[in-house]
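See structure below.
The values are calculated or read from the model by the stated rules, or taken from the named source; none is laboratory data. From a predicted model like this one, the values you see are computed outputs, not experimental measurements. Here Cβ is always computed from backbone atoms with ideal geometry, including for glycine, and neighbour counts include all displayed protein chains. These accessible areas exclude ligands, DNA and RNA; they are computed on the full protein's heavy atoms, side chains included. Shrake-Rupley method; radii C 1.70, N 1.55, O 1.52, S 1.80 Å.
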Amino acid sequence: MKKILVVDDDPYILMSLEFLMKKGGNNVMVARNGTEALDFINSTVPDLILLDIMMPDVDGYSICEYIKKTPKLKDIIVVFLSAKTKEADIQKGYDLGAALFISKPFSTRNLMKEVNSLLGTP
Amino acid sequence: MSYLVIIICGIIYLLLLFGIAYFAEYKLKHNINVVNSPWVYALSMSVYCTAWTYYGSVGRVGTQGMEFLGVYIGPTIACTFFYPVVRKILRICKSQRINSIADFIATRYGKNVSLGIIVTLFCVVGLIPYISLQLKAITSSFNVLSGNKGVESNLLYFYKDITFYITLILICFIILFGTRSVDASEKHSGLVASIAVESIVKLIAFVAAGLFVTYGLFNGLGDIFEKAAQQPALKDLFVFGNNGTFSGWTATMLLSMFAAILLPRQFQVSVVENVQEQHLKKAIWLFPVYLLIINIFVVPIALAGMLTPALGGVDADSYVLALPLHYGHNLLGLFIFIGGFSAAISMIIVETIALSTMVSNHLFLPLLFSSPGTSGTERSLFKSIINSRRGSITILLLLSYVYEKTIAQHASLVSIGLVSFSAVAQFAPALLGGLYWKAGTRKGAVASIVVGFCIWFYTLVLPTFLNSGSPAESNIMLHGLFGCELLRPYALLGLDGMGPIAHSFFWSMFLNALTYIVVSANTKGNAQEIYQAELFVDIFRHTNNPEQSTIWKGTAYMKDIRSLLANFLGADRSQKLIVSYANRNKIPLESSFADARMVAFSERILSGVIGSASARLMVRSVTKEELISIDQVLNIVKESQQALEVNKELRKKSLELTKATEMLTAANEQLKQMDILKDEFLYTVTHELRTPLTSIRAMSEIVFDNQDMEEEMRNHYLSSIVNETERLSHLITQVLNLERYESGRQKLHTSVVNIDELIWDVVHALRPLSDEKGSELTFYSHDSMYLVLCDKDLIKQVLYNLISNAIKFVPEGRGLITIKVRVEYEELQVWIEDNGKGVPAEVKELIFDKFFQAKNQTIQKPEGSGLGLAISKKIIDMHNGRIWVESAPGLGSKFIFSLPYT
């Protein structure tokens, strides 16, 4: 069972993502903002993280940067889920080491497929 | 000393002057202008010091004491005060190619022929005695030097008279160097060079005489004055006071002030011969210095002469020469004679040239041209101009000679210089008035000059003839013309107790100026006059482009203009002038009709040759002129004034333009900024829209894909979808509203509203929300009614935003929200207070920005669009009110908005 952390400041999205990831047979944890997310990964290292970018306290980019700079965290697969759609914003996400950048709104089936392939689960 | 030696020396000196004049002209041909220097210019101005200065000053000390100084103080003062005047005259003469004082006055008053004639005639009458005085000085100094008691000369034996031969030699000299070019406005470099040398010679000679007398015969200045002081008769002479009268001093100084520019020779050297305008700056102090130096030894020499008993029988005028001779210094005497000779002939030369130009251009040529059949060949016209000028020179000098031999023998000579000064001073009102007063008219000028001259003649000239002694004549002097006491020449209208000069000066100038003003004020000039007046008075405005202000209506053929110019200047030169002028002003030469500017140009060129009045006649003879109406001239005058105003306006406009450009740049910058903001706004809006869309899509897909979901769970998802849809549409409405307010498309529908009613409405609407959160919402309503003019719906929206915000931020279960209304100054303020967590000081301003919350909220994401405060601020701005927040962290916040209230 893979560990997945879902980070989003919108409660409905968070709820939906939690439901979807659980349905995919994963161990799912949620964080409602950046601070919670950081607290979380410092105690438990997930295999994959679904990361929103625009959050009031700490933005998703910084979290990604932190993950990729921290040796014990750098293997976490980062997937951005963001309403940002500008080319430059997407590029920035990949530059920071994200495995995937998915624009909101997204197709739930497609998301599931991508996450599964990233985790190597059928 | 023998006749022969003196004559040979005189001739050698003249030959030397010839040489200098020739050298200067020769150099000029090789493009080196030796007279192009302020020093030469100032020295040539010193032609002001004539034999009258050289010999006469010393003589005058003997009779009138220090009063002679007035003649030199006057120009010194004039140099200071007349600088702008002379500069203006210079500019005018250069641009209009004016070549004499008569030309100047005639041109100013509409290029009038008769005015030119009057001025010329009066100049001749006024100055012939002055020239003859110089001739007399040469003769008498010659006699003193040779030791001959001058024989009472008789006109009949002129061939025995040395003065006659001197006159002839001068005629030759002047003709040779004064009439080389047909263009009288061209410079006489040779002459000016020789005049400058003569000025140096006379200065050195006089100073040499002074030094000899002071230090050779006496032991310095102190010695002379000490000895003189011992004789009461002499003491008075060098003490200011008893001798000179106030009126005498004043008149002398004022007269010589005017003379320094109005004398034809002064006008000639300082205006016509001026090479560069800036030379004037140096000359205005060099010239007074010259006057000062030449006057230092006047009083010592005079006193020394009177202290020398052996000179008792000698005329005081001759002291300068007689003193060295008496002590046997013949060579020094010869040098001093040469100095005096220089002073005399330089004056004769310049005065004669100036007068001859006037006589020729204003008396002879108009006669010549107005008689039929003048269109002679090129050569003959050339010749007739040159010949008329040569004839004038001869006639003038011969007249002076004759005057000297006849009338001058009987008249007292002492004040001839001042009499001439008084004559030319009569031009002052017309000339100065014409320079600064546009309303001065030709009739005014003619009347003033004629009146001035008549008085001058009656009060100064006539008495010199009448004093010869016949009873009938002295009757006029004593009892006035026709026995009328009021008409006594020396005491007009009973004005007694002044010297003749002061008396004449007072009356002539007073009536002259009065006539000028009164007649000018009561007459109107014709078009040409008004045009000239405009050109003269505003010369500094017009000199930049004289052609553009040309007024001329008519037709002329280029062919005629060409041949007219060729007649006077030669084909080559005129062709060159025409082509260069055409090129400069971009006038096509192919056209067979002459351009108006070309016509004006040829007239100006001809003016330099034959004077403006004659030039006008000539040009008129080849052109068909239409009469220019006074209206057209006035229009042009007005246009030029308008041009000035337009210019001013333009400068203002260009300043405004610069300012506008700056503002545009700033605005552009702002627009760019706004564009960026707009982009940002749009991006933020789409982002804000994407968020609910995302959850709606995700939740719908989940519900759709999971048909087996528990009932409760499904309902939760579905209701969430509904909520999010509502949020979405609310957001869209808010964005559209804000956009409408910001674009200015939203119009205010104002009405008088009772603010309490509005607040009650909102409070009622929000009460359930507040209750739901367990908060206390209180509105402290007033007894009095506050009526305010506003858009009811919009203000309601503001109230709704602020109050719902407050409800949102107060702590669950113990929230306190109070609303108050108060009037402060001219504002109606609505206070909405809460006990929420407050607003940090650093974002107090920022919270009214769009989507502020999206970027800057803490942990818990709040509900709402993030546009409420921005919209509220926009609405309040539209009402010219204010909205702000007062808050301390932890102590809640007060949102206050105000509306204008009167």
Q. Of all residues in the stretch A:20-52, how many are at pLDDT 90 or above and closer than 20 Å to B:R690 by Cβ?
A. 4
Q | From B:V703, B:V762, B:V735, B:V753, residue being assigned by TED's automatic domain parsing to the domain that holds B:K820, open to solvent by less than 80 Å² (accessible area, probe 1.4 Å) and either closer than 28 Å to B:N835 by Cα or outside any strand (DSSP E or B) (or both) | A | B:V762
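Counting only residues that are more than 12 Å from A:I49 (Cα to Cα) and touching a strand residue (DSSP E or B) at 6+ places or on another chain (Cβ under 8 Å), how many does the stretch A:75-95 have? Break it down into steps so the answer makes sense when it comes.
Within the stretch A:75-95, the first condition is being more than 12 Å from A:I49 (Cα to Cα), and the residues that meet it are A:82-95.
Among the residues that remain, those that are also touching a strand residue (DSSP E or B) at 6+ places or on another chain (Cβ under 8 Å) are: A:82-85, A:89-90, A:93-94.
Result for the stretch A:75-95: 8.
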Q: Please determine, by comparing only the residues of the stretch B:706-732 that are surrounded by 13 or more Cβ atoms within 10 Å (Cβ to Cβ) and of a type in the set (D, E, K, R), which one is nearest to the other protein chains (Cβ to nearest Cβ).
A: B:E724
Q: Could you please tell me which pairs satisfy a Cβ distance under 6 Å, a separation of 6+ or placement on different chains, a first residue in the stretch B:9-36 that is under 22 Å from B:H279 (Cα atoms), and a second residue that is of a type outside the set (G, A, S) and assigned to a loop (DSSP other than H, G, I, E, B)?
A: B:A24/B:V34; B:K27/B:V34; B:N36/B:V275
(Q) With more than 28 Å from B:A137 (Cβ to Cβ), touching a Ser or Thr at 6+ places or on another chain (Cβ under 7 Å), of a type outside the set (K, R) and outside the structural domain of B:K438 (by TED's automatic domain parsing) as the only criterion, which of B:S100, B:S95, B:S37 stands out? (A) B:S95
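Is it the case, given these coordinates, that B:K820 is out of contact with any helix residue (DSSP H, G or I) (no Cβ under 8 Å at 6 or more places or on another chain) and open to solvent by 70 Å² or more (accessible area, probe 1.4 Å)?
Values: out of contact with any helix residue (DSSP H, G or I) (no Cβ under 8 Å at 6 or more places or on another chain): yes; open to solvent by 70 Å² or more (accessible area, probe 1.4 Å): yes.
Yes.
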**Q.** In the stretch A:101-117, residue most open to solvent (accessible area, probe 1.4 Å) [restricted to those that are in a helix (DSSP H, G or I) and facing chain B (nearest Cβ under 9 Å)]
**A.** A:R109
Q | Residues of the stretch B:182-221 satisfying the condition of being assigned to a loop (DSSP other than H, G, I, E, B) and touching a helix residue (DSSP H, G or I) at 6+ places or on another chain (Cβ under 9 Å) | A | B:V182, B:D183, B:A184, B:S185, B:E186, B:K187, B:H188, B:F218
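Give B:T63, B:T80, B:T50 a once-over and let me know the one that is on the phi < 0 side of the Ramachandran plot and surrounded by 22 or more Cβ atoms within 10 Å (Cβ to Cβ). Spell out how you get there, then give the answer.
Values: B:T63 fails: surrounded by 22 or more Cβ atoms within 10 Å (Cβ to Cβ); B:T80 fails: surrounded by 22 or more Cβ atoms within 10 Å (Cβ to Cβ).
After applying the criteria, what remains is B:T50.
Among the residues of the stretch A:33-74, write down those that are free of Cβ contacts under 8 Å to residues at least 24 places away in the same chain and open to solvent by 40 Å² or more (accessible area, probe 1.4 Å). Steps first, please.
Of the residues in the stretch A:33-74, the ones free of Cβ contacts under 8 Å to residues at least 24 places away in the same chain are A:35, A:39, A:42-43, A:69-71, A:74.
A:T35, A:D39, A:N42, A:S43, A:K69, A:P71, A:K74, listed by residue number.
Only residues that are at the interface with another protein chain (Cβ under 7 Å from one of its Cβ atoms) and either open to solvent by 30 Å² or more (accessible area, probe 1.4 Å) or touching a residue at least 12 places away in the same chain (Cβ under 8 Å) (or both): list them for the stretch B:685-699, please. Walk me through how you get there before you give the answer.
Narrowing the stretch B:685-699 to residues at the interface with another protein chain (Cβ under 7 Å from one of its Cβ atoms): B:687, B:690-691, B:693-695, B:697-699.
Within the stretch B:685-699, B:H687, B:R690, B:L693, B:S695, B:R697, B:M699 qualify.
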Q: Tell me, yes or no, whether the stretch B:440-458 has at least one residue that is buried (at least 20 other Cβ atoms within 10 Å of the Cβ), modelled with pLDDT under 90 and part of a loop (DSSP other than H, G, I, E, B).
A: yes
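Within the stretch A:82-100, can you find the residues that are within 14 Å of chain B (Cβ to nearest Cβ) and either under 18 Å from A:L14 (Cα atoms) or of a type in the set (A, V, I, L, M) (or both)? Quick ask: steps written out before the conclusion?
In the first step, residues of the stretch A:82-100 are kept if they are within 14 Å of chain B (Cβ to nearest Cβ); the result is A:82-90.
If the condition is that a residue be within 14 Å of chain B (Cβ to nearest Cβ) and either under 18 Å from A:L14 (Cα atoms) or of a type in the set (A, V, I, L, M) (or both), then A:S82, A:A83, A:K84, A:A88, A:I90 are the ones that fit.
Return yes or no: is B:D675 farther than 18 Å from A:M15 by Cβ, within 14 Å of chain A (Cβ to nearest Cβ) and part of a helix (DSSP H, G or I)? Step through it out loud before you land on a result.
Working: farther than 18 Å from A:M15 by Cβ: yes; within 14 Å of chain A (Cβ to nearest Cβ): no; part of a helix (DSSP H, G or I): yes.
No.
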Q. Is there a residue being modelled with pLDDT of 90 or more, within 33 Å of the chain's Cα centre (by Cα), part of a helix (DSSP H, G or I) and assigned by TED's automatic domain parsing to the domain that holds B:I73 anywhere in the stretch B:337-344?
A. no
Q) Looking at (1) surrounded by 18 or more Cβ atoms within 10 Å (Cβ to Cβ); (2) modelled with pLDDT of 85 or more, which is the one condition that is false for B:G391? A) (1)
